[in-house]
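The values are calculated or read from the model by the stated rules, or taken from the named source; none is laboratory data. Keep in mind that what you see is a predicted model, and the values were worked out from it rather than measured. Backbone-built Cβ (ideal geometry, glycine too); neighbour counts: all protein chains shown.
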Amino acid sequence: MIVMDITIHTSFLPHDDPEESLVFYRDILGFEVRSDVGQGRMRWITIGPAGQPSTSILLAPPAADPGVTEDERRTIAEMMAKGTYGWILLATRDLDGTFEQLRAGGAEVVQEPTEQPYGIRDCAFRDPAGNLVRLQELR
């Protein structure tokens, strides 16, 4: 088997309001903005954790691709409204402190810090676009 040198560089999450997404990811989570292109709701914003320049999240309009049909746009909008379109798993050494910071910042709590039966401790929030953000504790 050939071992390949591949890393995860950027992951995608949809947004429906770039300003609200910036408040959540930049101001509450403390991610740095690496690029912000476009205008109005048609903005592509690349963010990432400080000190980790090779790992990013692209916040993008979900149906900007010209190949997406109107039916697909409607389906995406419905899934985003339910919180079933996008999600991400993050990790922290201070789950309780980070949880309190997110709650104090007004993030929608889905699950308080919990010891899971599969051996991790985590919590969950929704970002302004409805994406599920799970946060697990590094041990």
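Observations on the structure shown:
- Candidate set from region 92-139 (those that are among the aromatic types (F, W, Y) and within 17 Å of the chain's Cα centre (by Cα)); member that is farthest from S21 (Cα to Cα): F99
- The listed residues are R34, R26, and the only one of them that is part of a helix (DSSP H, G or I), at pLDDT 95 or above and surrounded by fewer than 17 Cβ atoms within 10 Å (Cβ to Cβ) turns out to be R26.
- Scanning region 6-22 for residues that are part of a helix (DSSP H, G or I) and crowded, with 16+ Cβ neighbours inside 10 Å returns P18, S21, L22.
- Scanning region 75-128 for residues that are loosely packed, with under 15 Cβ neighbours inside 10 Å, β-branched (V, I, T) and closer than 30 Å to A64 by Cα yields a count of 5.
- Failed item in (1) in contact with a strand residue (DSSP E or B) (Cβ under 9 Å, 6 or more places away or on another chain); (2) of a type outside the set (S, T, N, Q); (3) touching a residue at least 60 places away in the same chain (Cβ under 8 Å), with D27 passing the rest: (1)
- Any chance V68 is surrounded by fewer than 15 Cβ atoms within 10 Å (Cβ to Cβ), among the hydrophobic types (A, V, I, L, M, F, W, C), out of contact with any strand residue (DSSP E or B) (no Cβ under 7 Å at 6 or more places or on another chain) and not in a helix (DSSP H, G or I): yes
- Checking Q39 against (1) in contact with a strand residue (DSSP E or B) (Cβ under 8 Å, 6 or more places away or on another chain); (2) more than 15 Å from S11 (Cβ to Cβ), the condition it does not meet: (1)
- Scope region 71-96; condition within 27 Å of Q52 (Cβ to Cβ), small (G, A, S) and either modelled with pLDDT under 95 or assigned to a loop (DSSP other than H, G, I, E, B) (or both); matching residues: G83, G86
- Scanning region 11-24 for residues that are of a type outside the set (A, V, I, L, M, F, W, C) and touching a residue at least 24 places away in the same chain (Cβ under 8 Å) yields S11, P14, H15, D16, D17, P18, E20, S21.
- Residues within region 42-59 that are part of a strand (DSSP E or B) and either at pLDDT below 95 or not hydrophobic (A, V, I, L, M, F, W, C) (or both), tallied: 5
Yes/no matrix, rows are residues, columns are (1) in a helix (DSSP H, G or I); (2) without any contact (Cβ under 8 Å) to a residue 12 or more places away in the chain:
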residue: T98; (1), (2): yes, no
residue: E112; (1), (2): no, no
residue: Y118; (1), (2): no, yes
residue: P128; (1), (2): no, no
residue: Q136; (1), (2): no, no
